[in-house]
1. Compute the semi-axes of the equivalent ellipsoid of the stretch A:6-81, taking the square root of 5 times each eigenvalue of the Cα gyration tensor, and list them largest first in whole Å.
2. Among A:Trp114, B:Trp73, A:Trp109, what is the fewest-to-most ranking by other Cβ atoms within 10 Å?
3. Once you place label points 7 Å from the Cα toward the Cβ at B:Glu66 and B:Gln107, how far apart are they in nm?
4. Based on alpha-carbon positions alone, could you give the equivalent ellipsoid semi-axes of the stretch B:2-113 from the gyration tensor, as √(5λ), descending, whole Å?
5. Under the definition of partner shielding as Cβ atoms of other protein chains within 10 Å of a residue Cβ, what is the mean value for peptide A:62-74?
6. Starting from the 7 Å offset along Cα-to-Cβ, what nm value, one decimal, do you get for the label separation of B:Thr51 and A:Phe179?
7. Of B:Ala20, B:Ala96, B:Ala108, which is the most mobile in a GNM of chain B whose springs link Cα atoms less than 10 angstrom apart?
8. Where the eigenvalues come from the Cα gyration tensor of the stretch B:67-106, what are the semi-axes √(5λ) of the equivalent ellipsoid, largest first, in whole Å?
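Bear in mind that the values in this text are calculations on the coordinates, not laboratory data. Computed from a predicted model, the values in this text were never measured in an experiment. Cβ sites come from the backbone with ideal geometry, for glycine too, and all protein chains shown count toward neighbours.
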Amino acid sequence: MTAPHASQIINGYLARLSDETKDLPSRERGELIDGVREHITEARAVTPEETDADLLNLLDRLGDPADLAEEERQRLGMATPRQVKLGVLEIGALVLTPLVWPVGVILLWASDAWSIRDKLIGTLLPPGGLFTSATAFFILGLSPAQSCVVVSRNGSPVATHCSGGLPPLAGISLLVGLFLLLALPILTGIYMSIQLRRHSRRKQTAMGSMAAPA
Amino acid sequence: MLPYLCMPADGLVTQMRKGALAYCVLALLSGEPRYGFELVQVLGQVDGMLTTEGTIYPLLSRLRREGLVETEWRESPSGPPRRYYALTAQGKDALATFRSEWMTFRQAVDTLLQGGAS
């Protein structure tokens, strides 16, 4: 007889363990998760009339996923992932990197909230941020794409002479380039905020486990 | 040295327990191979040895990496296969060394704690 909410309880626990061990080498991570999964299966096999409370007690005895991940890190001689504090610096970096690129990038590198990889993405992907895009649009808007002179005789037009303008292919690639200039800073901003949320969530779970000492 | 001695003993005991746990596991495996949950059950019968059951798995993983134990999957009479842990020759050596050092250490501390150093 299985507990009424067995799968929710167990999957929730394993999902948290998976989340807490993201920074571990994949082999060790897999071994830990397999071991814990096997443990749960074996422990349930020796509980004849299982209730939700039995399961919760079983998982309590196993330990908090954050503690197991920390134990694995210690056994591997790994450092605990640095805790991230969200402040003016992070929000500034997030807002300013797409808008005012140089200032945003300085804040981005000053913050601990992103990994080196994220910082490089933030630095390299938006080519100057939306500021550059706006400048590019502005310059393009000023330069006439095509100028035509209408030759008229006795008030009625007889010929049109056009000069300048871009061949169609160049025009399209220019449009694509402008679109990328516009889209990349925004996409990078979205990516950075997702990474920031992931980091801060990890921090919160780490704090939660510290509040309840083993 | 005073600040160290002023520390609550909890931290020290935790560290000692953690260090000794590895050798207790090796000792449990010296008779026959066992699987993870079985080790947890045996260790659980000894009060205060294993406070957080799940921490045995990082330990077993490390013992395997260090070559002190080896693992083997075996069919279980009920349910999915189990990963069995067995002592290697290197593990036996490590256990023998710890055993003799532990005896000396335990006697030394016992003697001093009981005030019988005269």
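1. After scaling each eigenvalue by five and taking roots: 25, 11, 10 Å.
2. B:Trp73, A:Trp109, A:Trp114
3. Between B:Glu66 and B:Gln107, the simple spin-label model gives 2.5 nm.
4. 29, 17, 12
5. The mean count of partner-chain Cβ atoms within 10 Å per residue comes to 4.
6. 6.0
7. The residue with the greatest mean-square fluctuation here is B:Ala108.
8. Square roots of five times the eigenvalues give 31, 11, 5 Å.
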